[in-house]
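The values are calculated or read from the model by the stated rules, or taken from the named source; none is laboratory data. All of these numbers come straight from a predicted model, not from anything done at the bench. Neighbour counts run over all protein chains shown; Cβ positions are idealised from the backbone, glycine included. All accessible areas refer to the heavy atoms of the entire protein, side chains included, with ligands and DNA or RNA removed. Shrake-Rupley method; radii C 1.70, N 1.55, O 1.52, S 1.80 Å.
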Amino acid sequence: MKKNAAMPILPVEAYSSQDWYDREQERIFSRTWAFAGLVGDVSEPGQYVAVQAGLNNIFIVMGEDGQLRAFHNICRHRGTQLLRAVGKTRKVITCPYHDWTYSLEGCLLAVPDRRNQFPDLDMASLGLKKASVASWRGMLWVHPDENADSVEKWFGGVEPHLGPHKVEELVEYKKGRAEYDIAANWKIVVENYIDGYHLAHLHSGTLSMYDHKRIESGFVGPHFFFWEPLSPEYAADVEKKAPSPLVIPAEQAGAWVPMLFPGIGLAESEDSWSVFHLTPLAPARTRVVVRTKMADASLLAFASQSLRSYNFWSNRVRGKYDSEDGDDPMASGDFMQEDIYACEQQQRSLASPYFEHGPSALKGEAGVRQHQELVMAWMGGSG
Ligand code: FES
Ligand SMILES: [Fe+2]
């Protein structure tokens, strides 16, 4: 007889201490490819996007030659951040502090009052420091190291498990953009994402259109993959009511919900694709930005599909806990609110002297344990 695995692999401090958080920023988030947006975000010369990758602030800019380049967002004079997260397209990059000016290719072009103030300045050695940039599956990625291994090498093994949509061909559904500020450590949010055990319980009223008994999941390298088919009842309903053929083959319809390391969740359904980008802000604070794309032809179909899904869900068990509270997340009918509620409550409990980890589900929480082992390995074994 198999035994339940022992928990915890990571100590409580891993979810609550500033020291752990700081070391994760250095050892994990500064040494991996970071999600920087969708390819459409930087599509003409002078357009840019800035992103935090662990301890590094990096911007991607398109040059006059149409090439994407990434630079550390640090002025070579006294280090001021050059570009804010979003802004107008520009021809040159000028530091706000003393107006040192750089080309879109990262060369230092001009220094005010140079002859009097910096008579010996070697302009050629003061170009912006390069980082790596890549586009992969319709997304932009940066790595602080200009000589990083390729993004294909980093994600290659997991690619066949990510889902059937061609992300590059989908269009962004701007109204689908959402941002959440969650009062929980980033690993609690990731563990919730890859926990198969909670789906039939926490989400009994919201995700019942999937067949949680037929989950296929696991890790390829540091990346987690997950797929579950539509429930037979819901699949029959979709087929009956679909106004046009589904965008993907029926046997692939379901939820593809991988979690790329560290903290880049993807989610594909029969007619949409989303990225669930997690940024740690503090030991117990995580920002999640969700962006969604859809097949062009399915925009209309999507609206009607959502309605069908909603009607289907609302016939299900709603409001697991009887509550007079109109804001009860468990009665919201929104699985994100349910997840956020669970994550935040779990984080709160970690502060209690009475908290201890209970036994861990053999299969349903295997991914959670593997993720904890992975984090421990990246942290150097002992944390
Ligand atoms: S710090 Fe950028 S010009 Fe001085
Ligand atoms: Fe969930």
To the nearest Å², the heavy-atom accessible area per residue of the chain with 1.4 Å probe amounts to 50 Å²
Would you grab the residues whose amide H sits under 5 Å from the one on Ala53? Only those 5+ places off in sequence or on another chain, please, with H modelled 1.01 Å from N. Ile58
Potential lengthening between Arg287 and Val171 on full extension [0.36 nm per residue; Cα-Cα distance subtracted]: 39.4 nm
Computed D for the chain, Stokes-Einstein, Kirkwood radius over alpha-carbon pairs, 10 °C, 1.306 mPa s, to the nearest µm² per second, is 69 µm²/s
Cα long-axis angle, helix 232-241 against the chain (0 to 90 degrees, to the nearest 10): 70 degrees
For Gly37, other-chain or 5+-apart residues with amide H closer than 5 Å (H placed, Pro excluded) are Leu140
With DNA, RNA and ligands ignored, accessible area of Leu374 (1.4 Å probe; Å², nearest 10): 30 Å²
For each pair in Lys153/Lys175; Lys153/Lys293; Lys2/Lys166; Lys240/Lys363; Lys88/Lys187; Lys130/Lys175, compute the distance between the two Cα atoms and list the pairs where it is over 31 Å. Lys153/Lys175; Lys2/Lys166; Lys240/Lys363; Lys88/Lys187; Lys130/Lys175
By per-residue mean of other Cβ atoms within 10 Å, what is the highest-first order of 271-283, 344-356? 271-283, 344-356
If amide H atoms are modeled at 1.01 Å from N in the peptide plane, then the residues at a separation of 5 or more from Ala5, or on another chain, having amide H under 5 Å from its own are Ser360
Additional length obtainable on full extension of the chain from Arg23 to Ser352, 0.36 nm per residue less Cα span: 116.1 nm
Please work out, to two decimal places, the log10 of the ratio I(q)/I(0) at q = 0.18 Å⁻¹ from a Debye calculation in which every Cα of region 34-147 carries one identical scatterer. -0.85
